[in-house]
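Presented below is the structure to which this report refers.
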Amino acid sequence: MLADLDGRIDIVIDGGPTDVGLESTVIDLSVTPPTVLRRGAIDIEALREVTPEVTSRHTDSSDTIAMRSPGLLKKHYSPRTPVLLYEDDRETALRLMKQRSQQGVDRGESVGVLVFSNDVIELRSLPVRFVDLGNENDPAAVAGRLYAALRECDDLGASIILVRNITTTHPLTGAIQDRLRRAAS
């Protein structure tokens, strides 16, 4: 995004929104077995149809692994505002987000919540500012909106951003979870 590059490059050619919104899947073919370095729109099951022996590395990267591909550092595309990610089941995550929101408001914090549209009803009574990430049951839309939504949260001027992890089963779920973890690092 331009915000990441502003002042660092002379020109940007805007080709419009991408179909997926997340970076591509990156596979290291220089090792045996081939290894997915970065999750993207093509999940490991689809890759195994072409390369049955492909494996997936652990999401935590060491400095040497991080240099094999962009986007592998522990903290990547993070907003300026601290992000608190809840990785529990949906009900537990929402309960904890409500508690943390109220604690923050009681302390005078401005709280931003990156929210799935299907969670708005349960969270609407909170005195916080929401940025809609899209419907959790449409991971393609969530992936396409993720980075813009994180930027919108930054623009809120909040003290903290709360978000729960996506829990659906979809080829993009792992990639979205990975990007949210990196944003919260």
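The values are calculated or read from the model by the stated rules, or taken from the named source; none is laboratory data. Only a predicted model underlies this, so the values are computations on that prediction, with no experimental measurement involved. Note that we place each Cβ from the backbone using ideal geometry, even for glycine, and neighbour counts take in every protein chain shown.
A few remarks follow.
- Hey, ALA41 buried (at least 16 other Cβ atoms within 10 Å of the Cβ), in contact (Cβ under 8 Å) with a residue 40 or more places away in the chain and either not aromatic (Phe, Trp, Tyr) or not in a loop (DSSP other than H, G, I, E, B) (or both) or not: yes
- Filter pass, ALA3 being among the small types (Gly, Ala, Ser), at pLDDT below 75 and farther than 16 Å from GLN177 by Cα: yes
- If only residues of the stretch 106-144 that are loosely packed, with under 15 Cβ neighbours inside 10 Å and not charged (D, E, K, R) are counted, the one that is nearest to PRO171 (Cα to Cα) is ASN137.
- Once the stretch 169-185 is narrowed to residues that are surrounded by fewer than 23 Cβ atoms within 10 Å (Cβ to Cβ) and over 25 Å from VAL128 (Cα atoms), the residue that is nearest to the chain's Cα centre (by Cα) is ASP178.
- Contacts under 8 angstrom Cβ, first residue in the stretch 20-34 being loosely packed, with under 12 Cβ neighbours inside 10 Å, partner assigned to a loop (DSSP other than H, G, I, E, B), 6 or more apart: THR32/GLU53; PRO33/GLU53; PRO33/VAL54
- Filter result for GLU109 (farther than 27 Å from ARG38 by Cα, charged (D, E, K, R) and part of a helix (DSSP H, G or I)): no
- Test for ARG164: is it at pLDDT 95 or above and of a type in the set (Lys, Arg): yes
- First in the stretch 131-142 and among the acidic types (Asp, Glu), second anywhere and surrounded by fewer than 21 Cβ atoms within 10 Å (Cβ to Cβ) and part of a loop (DSSP other than H, G, I, E, B), Cβ under 6 Å, 6 or more apart: GLU136/THR168
- Residue match in the stretch 149-160 (condition: under 20 Å from LEU22 (Cα atoms) and either at pLDDT 95 or above or among the acidic types (Asp, Glu) (or both)): yes
- The lone criterion from (1) without any contact (Cβ under 8 Å) to a residue 60 or more places away in the chain; (2) surrounded by fewer than 20 Cβ atoms within 10 Å (Cβ to Cβ); (3) closer than 18 Å to PRO82 by Cα; (4) β-branched (Val, Ile, Thr) left unmet by ILE160 is number (1).
- HIS170 fulfils the conditions (1) assigned to a helix (DSSP H, G or I); (2) touching a Pro at 6+ places or on another chain (Cβ under 7 Å) except for a single criterion, (1).
- Test set (1) crowded, with 17+ Cβ neighbours inside 10 Å; (2) more than 12 Å from the chain's Cα centre (by Cα) - ALA149 fails condition number: (2)
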